[in-house]
Structures are given as C-alpha cells and as structure tokens.
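Notes follow the structure.
The values are calculated or read from the model by the stated rules, or taken from the named source; none is laboratory data. Keep in mind it's a predicted model, so treat the numbers as computed, not measured. Neighbour counts are summed over all protein chains in view; Cβ atoms, including those assigned to glycine, are modelled from backbone coordinates with ideal geometry.
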Amino acid sequence: MQNMNDIIKESMIANAIKCNYDESFETILNKLKKPELKAIVDAHGLKGCSSLAKGGLIERIKSTLADSARLEYILCGLDDVMMSDFVMLANETYVSVDDVMSGCVHILYSLGYVLPVMNGKEVVYVMPEVVKEAYQSIDQAALEEAKVRVDLVYLYMKALVNLYGVCEFNQLISVFNQYEAPELTAEEALNVLFCKLTFKGDVQSFGPLLVSDVLLIDSEMDAVALYDMQQDKPYYMPTKEEVMQFGTDQGEWTPQLEQVCKFISENICDDVNVAREIAHEMGVAFTYKYQAKLAFMALESRGIEIESYNVGQALMILLMDAFNYARTWESKGFRQVDQEATSLNDAQSNQVVVPMINPMKSTKVGRNEPCPCESGKKYKKCCGR
C-alpha cells in the first residue's frame, strides 16, 4: 500500500508546470491557466478577484505571496518536519521531489508558495524568490515564539476533543488559563484553529464547537448527537499531566488497561509491542462506547486468533473493568466509576455486565459456536467475520 507522501509525490509530478526552474516567477505563473490561478487566489481566501483577468490574478498572487505577515501566520501551522522542509526549499535553488518528506508541500503548492517545475526531464520543487524574500524578512526569534504559543494552544484543543469529543470554546479557555499564561482569548483560539486547520485535521470547527475529526467522518449528526447527549453534564477538569497525555494521543494508561495489555501479551500474543498496540486501540475505542466486538476486530486485523473460549471470556472481563475506569465522551471525560460515586443507581444502569460462561472443551472458538462477545450470534456471523 502506498503511503501518503508517495501519493502526494505522484500528484505533484502529474501537475508539474512545463517550465524550467530558472524561469522568472511571472513566466511560470503565465504558464498556468486562469482556473489554476483562480484556485491559488481562492486558497488564500482573497476577495474581489472574480472579475480579474489573468494578468490581474497574477499581480494579486505576487503581492499576496510577498506579504511576510501572512507567511508568518501560515508557518505557525507547520509542525517541525514540515518546517524543516520549508526551510530547505527556502535555502535551495530547487529541491528534488524525492527530498521533501512531508505532506505540507501539496498545501504550499495550492497556496503558490511552492511550484513543481522542470529541471530538464526531472520534476523539481522551486520556491519563488518573492516568497524567499518574505521569509528572510521575518524575525526568526519572534516566529519561533509565535509557533511555540500556537502549538501549545493547539495541544490543549487536541487534548480536550480527545477527552470530550465535543468541546465548547469557553471550556478550552477555562482549562488553558488554569495552567498557562498569558491568558487565552476566544479570538486567539479561533486564529490558532484556522491556522492549524490548513495543515492538521485532528480538531475541526463545527459551529461554536471544537470537534474531534472522527465524529465528522460518517456524518455531522454524530457530533450533534454527542453534544445533545452531553447537555446538563459537567465537564471533567483534567490535570496538566492529563492534558499532555491526551494532547499527544497517548491517552490514559490506567492500571486496568495495563492489565489488559499484560493479559494479551501472556495469553494471546507474544509480541509485547503488538500487545500494547492492541490494548491502546481498545482503550481509544472506550472513549466512544463499550463494544466488545472491537477487541476481536483489533486481534483479527493482525491475524491473531483467541485459542480458547475461556481466554476470550477472561479478556472480556478485563475489558469491562478497563472500560469502567476509562474517560468517556458521553460523560464529558468522567469515568463510569466516577458516576457510581455520585449516583449508585445511575451507575448500576450504565454498568457493563459480562455474564460468566461455562468452560468449553474446544481449544479455540469454533466458527459455528456462540460469539464470546455475548451478541447471541454465531462467531462466524459476528466477531469472526
């Protein structure tokens, strides 16, 4: 399977401008058709360009790319790998398509900051001189300070959508200002979000909300349904350590999830790293809801079989315990056991119960036997598909 960088590379080669790298920027732009120039203008969100002729579009693009303040704002959206590629492009006459490793080049191309052109028969990337001059005029110390601030705010955004699924801006501001200074405002938060949205998709904007991107994969209604479900529930206030964990996709490795990992490595999969990957997938899945089938799917996708029914049942019990200690979106970051402490009756109605199953004689789950996930279906019709 091709990775994303290879796909982007092929796309850039296919869209190479039939012009040598040492031609002037204006000459290269003149090789583009008017719809292609209009696409660059639209990517920058420039207004009042719909009636411009080709020459007018070229002049508008040149003046936009020369704007160092706009470039600095865009650079704040780059991660370290992307920034490394940008600096390389800024310091070289041209760069081979094989030397740029990050996917940012495709976005920079859509904005006109990088162009795929020819060096003889080879496709290379070139950064227009007007862009290089704009970059050189930027105060590098101020840029680095701005990038650190943007990255910190975005880490909090990512942490809170990983913790809550859906997060209101007021909650982001409340949590951020609890641990960081200077204080975050709604205006700054919006600027950071739109800056990062150019290059990152983990956090999405949905009306007045910050939303995890996974909630928008199938239907926007998933985000609406979760938000409605959360109404009248308080937010869990994470510690700063938890913000760092959820902001870097580590999540929370509870003792109960560690037990799941230990059980998998001792009874199902000898590879400790693979066992930890599987346990992490299951832990992430708990965020949405308890679905035992996902555990079996995580194993099956790696070609791993549970060798006995009893092992499957024991895993289910450990997963149930891990789920009860996991922070869930439905509860705005609180655990099932937290709910129990405040309302025993509510906790009992929400608690996942896995009934004990008598041991079976077979050495592994048969295709026609009941599925260990207790769905009532045969294994081949459920988790064994």
Q: Give the stretch 177-203 a look and list any residue that's farther than 24 Å from Y288 by Cα and either hydrophobic (A, V, I, L, M, F, W, C) or assigned by TED's automatic domain parsing to the domain that holds T328 (or both), or say none.
A: A181, L184, A186, A189, L190, V192, F194, C195, F199
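Conditions (1) in a helix (DSSP H, G or I); (2) at pLDDT 85 or above; (3) in contact with a Lys or Arg (Cβ under 8 Å, 6 or more places away or on another chain); (4) of a type in the set (V, I, T), marked per residue:
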site: F263; (1), (2), (3), (4): yes, yes, no, no
site: E266; (1), (2), (3), (4): yes, yes, no, no
site: N273; (1), (2), (3), (4): yes, yes, no, no
site: E277; (1), (2), (3), (4): yes, yes, no, no
site: M282; (1), (2), (3), (4): yes, yes, no, no
site: Y288; (1), (2), (3), (4): no, no, no, no
site: L299; (1), (2), (3), (4): yes, yes, no, no
site: R302; (1), (2), (3), (4): no, yes, no, no
Q) So which pairs qualify, if the first residue must be in the stretch 199-219 and among the aromatic types (F, W, Y), the second must be loosely packed, with under 15 Cβ neighbours inside 10 Å, the Cβ gap must be under 8 Å, and the two must be at least 6 apart or on different chains? A) F206/E220
Q: Please state which of the following conditions V211 fails to meet, knowing it meets all the rest: (1) within 17 Å of E330 (Cβ to Cβ); (2) in a helix (DSSP H, G or I); (3) β-branched (V, I, T).
A: (2)
Q.
Need the failing condition index for D222 against (1) under 20 Å from R335 (Cα atoms); (2) assigned to a helix (DSSP H, G or I); (3) without any contact (Cβ under 8 Å) to a residue 24 or more places away in the chain, just the number.
A. (1)
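Right, A141: small (G, A, S), at negative phi and surrounded by fewer than 20 Cβ atoms within 10 Å (Cβ to Cβ) or not? Outline the logic, then answer.
Details: small (G, A, S): yes; at negative phi: yes; surrounded by fewer than 20 Cβ atoms within 10 Å (Cβ to Cβ): yes.
In short, yes.
Among the candidates T254, T248, single out the residue that is touching a residue at least 40 places away in the same chain (Cβ under 8 Å), surrounded by fewer than 14 Cβ atoms within 10 Å (Cβ to Cβ) and out of contact with any strand residue (DSSP E or B) (no Cβ under 6 Å at 6 or more places or on another chain). Step through it out loud before you land on a result.
Details: T254 fails: surrounded by fewer than 14 Cβ atoms within 10 Å (Cβ to Cβ).
Among T254, T248, only T248 is touching a residue at least 40 places away in the same chain (Cβ under 8 Å), surrounded by fewer than 14 Cβ atoms within 10 Å (Cβ to Cβ) and out of contact with any strand residue (DSSP E or B) (no Cβ under 6 Å at 6 or more places or on another chain).
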Q: Could you tell me whether any residue of the stretch 79-97 is surrounded by fewer than 14 Cβ atoms within 10 Å (Cβ to Cβ) and outside any helix (DSSP H, G or I)?
A: yes
